[in-house]
Amino acid sequence: MCIFVGMAQNSVMLGLKLPTDPRWVELVERNISEILTDHAWCEQKAASNAISTIVRYPELTDMVEELTAIAQEEMSHFGMVLEKMKARGFTLGPERKDDYVGQLAKFIRRGGSRESQLVDRLLFAAIIEARSCERFKMLSERISDPDLASFYRDLMISEAGHYTAFLKLARKYGGSVDVNGRWKECLDFEAQIIQNYGKKETMHG
């Protein structure tokens, strides 16, 4: 569990270099159906990413166990978002393309050692969890719907746990890779990308 005080401190604690513009919440509130649909698919994709990492590195037993738990929790969140949609009379729309994640995926090295590729995959997941945590906190504090405010506070705590888990795994299995140096590069890369987002009623848009 992590406790945050204010958006600037939140970003610092997560390592993020650029906080989301609070006006993003105003966009979200104009189209709750859209943000919930996009959020649901984000949870499904997070589960799929954890599973694909398990498939690539099945010999890392401790990591497999931790990622299995994360994948299960992400799918549980998917179901929770569906319940919120159902309660509001919404139905799940088609999967949304996540341009932010697509841009961020360019950080992952395609060559190099198996070790370095794993580190990049784990840091890629960690930075998405960090940004999602930051967005969830903003929603928990600024959205006018009290039910969704409470919902996103609970999810913020969960996302912070996932963020920490991915970073720990990268450091555990990084071997000769300079994980802290690579994490700094990841944060710098994300800071460049995120400048173009926060303008749509989607979780990372």
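Of the residues 158, 140, 150, only one is surrounded by 16 or more Cβ atoms within 10 Å (Cβ to Cβ), of a type outside the set (A, V, I, L, M), at pLDDT 95 or above and part of a helix (DSSP H, G or I); which? I'd like the intermediate steps shown before the answer.
Working: 158 fails: at pLDDT 95 or above; 150 fails: surrounded by 16 or more Cβ atoms within 10 Å (Cβ to Cβ).
When all the criteria are applied, what remains is 140.
Please work out if residue 182 is part of a helix (DSSP H, G or I), touching a residue at least 60 places away in the same chain (Cβ under 8 Å) and either in contact with a Lys or Arg (Cβ under 8 Å, 6 or more places away or on another chain) or buried (at least 21 other Cβ atoms within 10 Å of the Cβ) (or both).
Taking the combined requirement at face value, the residue does not satisfy it.
In region 170-205, how many residues are under 17 Å from the mean Cα position of the chain (by Cα), of a type in the set (Phe, Trp, Tyr) and farther than 30 Å from residue 33 by Cβ?
Counting residues in region 170-205 that are under 17 Å from the mean Cα position of the chain (by Cα), of a type in the set (Phe, Trp, Tyr) and farther than 30 Å from residue 33 by Cβ gives 2.
With respect to residue 191, is the statement that it is free of Cβ contacts under 8 Å to residues at least 24 places away in the same chain, surrounded by fewer than 20 Cβ atoms within 10 Å (Cβ to Cβ) and either aliphatic (A, V, I, L, M) or under 20 Å from residue 85 (Cα atoms) (or both) true?
no
Across region 119-150, what is the total count of residues that are acidic (Asp, Glu) and touching a Phe, Trp or Tyr at 6+ places or on another chain (Cβ under 8 Å)?
Looking only at that region, the number is 2.
Going through region 63-115 one residue at a time, which ones are buried (at least 19 other Cβ atoms within 10 Å of the Cβ), of a type outside the set (A, V, I, L, M), closer than 28 Å to residue 184 by Cα and out of contact with any Ser or Thr (no Cβ under 8 Å at 6 or more places or on another chain)?
Selection gives 66, 74, 100.
The values are calculated or read from the model by the stated rules, or taken from the named source; none is laboratory data. Computed from a prediction, not measured in an experiment: that's the story for all the values here. No Cβ is skipped: glycine too gets one built from the backbone with ideal geometry, and neighbour counts run over all protein chains shown.
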